[in-house]
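Student: Below you will find the structure I want to go over with you.
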Amino acid sequence: MHFDLLTRRPVYCSTSGWRRGSPFPAILELQTRRREVLLAAAVCTKAGKAIVSRQFVEMTRTRIEGLLAAFPKLMNTGKQHTFVETESVRYVYQPLEKLYMVLITTKNSNILEDLETLRLFSRVIPEYCRVLEESEVSEHCFDLIFAFDEIVALGYRENVNLAQIRTFTEMDSHEEKVFRAVRETQEREAKAEMRRKAKELQQARRDAERSGKKAPGFGGFGSTGMGGGNPTTIITDTLIEPEKPKVAPVPIRPSGPSKALKLGARGKEVDSFVDKLKSEGENILSPTSLKRPSEASKVLPPPINMESVHMKVEEKISLTCGRDGGLQNMEVLGMITLRVSDDQVGRVRLHLNNNDRKGVQLQTHPNVDKKLFSTDSLLGLKNPEKSFPLNSDVGVLKWRLQTTDESLIPLTINCWPSEGATGCDVNIEYELQEEGLELNDVVITIPVPSGVGAPMIGDLDGEYRLDSRRNILEWCHPVIDAKNKTGSLEFNVAGQPNDFFPVHVSFISKNNYCDIQVVRVTHVDGDSPVRFSTETSFVVDKYEIL
């Protein structure tokens, strides 16, 4: 005895052949019966326009569009029925605000099962569409089709619920997550090993140069084994700096054509390309003027005289404003970093002067005496017998200010673009609200449309630069302070008002925003003063008008 996998009925086999009927007619009968149950599932408008339609049998596009177009004309207003029949098919539907969820079935299907299937279809749609509108359904059409296929197979509903459908469509794989995590770990380890090797090679070359010995060579291109006299490139984790070539006798090479790769063969073409970029207004740095990224990223120059006790008072601002006014978010993060370079002045205390009236939140280092700080505004270690770490930057105090108060904005920006007869007239102005600040190297960056030519500048305070490659207009000011607290810029260019946002602002300042400073440094024993130096900076992390 065997079981038919499709009908799940016992089939007896004997030498004379199949009994209880041949299985082949049974299979054909089952397939025909399956095709006659659920024909299609669709989401359509009230006018019968198909947005998403999934056919479960062989049907042409013209056929399904015709059935859906005829569906609204068959509904009788005023009746509570959720289905309507024709001579050949039955429509089972459910309203979804301005849309309809429609199942097209044969007339001999079970109406109760169809209604249950319809409810599951209607629950699936909000899982992928936030709003039940035509545009949202069209955007997530493939997600809906995949979910429909999990509900119905060969015209019959599968025994699944909403949670199982979500799991099946997401296809979340634990093995895939493990594989990706392992691969990311291997990539990180490879990058770390590469940086370590590069540092070792660089250090070995520097040691060899100091001792006057020949530096170790590198295999492949750029190695000392090549007789072309080309400079070797030292690769580190942050920069590529060319080594100065050494004068060496050029070996005699046989005459005739050479198929070897010639490094620097296009030097003249590169020079002409650089000259062309310079003529277009690009700033090109020569190799001798390149600095390390760590040096280039320093906003303010270091103080000329650094004492044995040196402090950095650093603040960063992150601000977002709306184009129509209103402060969305403003956050200022500050920190005092202490560096002691002499062990004789390691046991010190910092006298703090906190003149902030904006409501900042202060937080000291865990090793700092909090009671001493709260009562006397002194920054010192809990154990006065211990010293601060030598030749190490230690953050002793940090603060945070987060607000939506518009009166606390240090530099307000107003940008007013308006459409005119000859394009878009843009008026932009700034105002310094914190008059105690002195902002240096202020750059207000305004995006401009591409391919419309240079803007026509009207009234202008300060200077401007047009970067046609990045499609931005930079409004520059060397200094903005209490004597130069306001300014404006007017220009005209083709475009729409939305083309000139977001506006970005950058600046640096030697005055801190929250007015927290160290005014005196004394020894723990005897309260005698200690010479110290201070470096203050206030920079922009993000400053934009959306």
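Student: Tell me, Ile151, Ile428 in order of fewest to most beta-carbon neighbours within 10 Å?
Tutor: Taking fewest neighbouring Cβ atoms as first place, the list is Ile151, Ile428.
Student: I need the P(r) histogram for the stretch 458-546: all alpha carbon pairs, bin width 10 Å from 0 out to the longest distance, whole percents.
Tutor: 11, 32, 25, 14, 9, 7, 2, 0
Student: Using 0.36 nm per residue of separation minus the Cα-Cα distance, give me the extension gain between Glu474 and Thr45 in nm, one decimal.
Tutor: Full-extension gain reported as 149.5 nm.
Student: Further, regarding this structure: Taking only Cα atoms of the stretch 443-483, what ratio of Rg to Rh do you get with Rh as the Kirkwood inverse-distance radius?
Tutor: 1.03
Student: Return the equivalent ellipsoid semi-axes of the stretch 36-170 as a descending list in whole Å, where each equals the square root of 5 times an eigenvalue of the C-alpha gyration tensor.
Tutor: 21, 17, 14
Student: Based on the Cβ-Cβ distance of Ser418 and Asp525, what FRET efficiency does E = 1/(1 + (r/R0)^6) give at R0 = 41 Å, to the nearest 0.05?
Tutor: E between Ser418 and Asp525, to the nearest 0.05, is 0.05.
Student: Continuing with this model, one more query. On full extension of the chain, what length is gained from Lys73 through Ala192, given 0.36 nm per residue of separation minus the C-alpha to C-alpha distance?
Tutor: 35.9 nm
Student: If the viscosity is 0.890 mPa s and the temperature 25 °C, what Stokes-Einstein diffusion coefficient in µm²/s follows for the stretch 321-433 when Rh is the Kirkwood radius over Cα pairs?
Tutor: Roughly 138 µm²/s, to the nearest whole number.
Student: Rg(Cα) of the stretch 411-509 divided by 2.2 N^0.38 Å?
Tutor: Here the answer is 1.07, to two decimals.
Student: Between Glu127 and Lys98, take the C-beta separation as r, use R0 = 22 Å, and let me know the FRET efficiency to the nearest 0.05.
Tutor: 0.70
Student: Give me the percent relative contact order of the stretch 411-509, please, defined on Cα pairs under 8 angstrom at least 6 residues apart. It would help to have the intermediate numbers written out before the result.
Tutor: Working: 224 pairs, mean separation 40.5, N = 99.
Relative contact order here is 41 percent.
All of the numbers you see were taken from the coordinates with simple rules; none came from a lab. Just so it is clear, the structure is predicted and the values come from calculations on it, not from any experiment. A quick note on method: Cβ atoms are made from the backbone with ideal geometry, for glycine too, and the neighbour counts reach across all protein chains shown.
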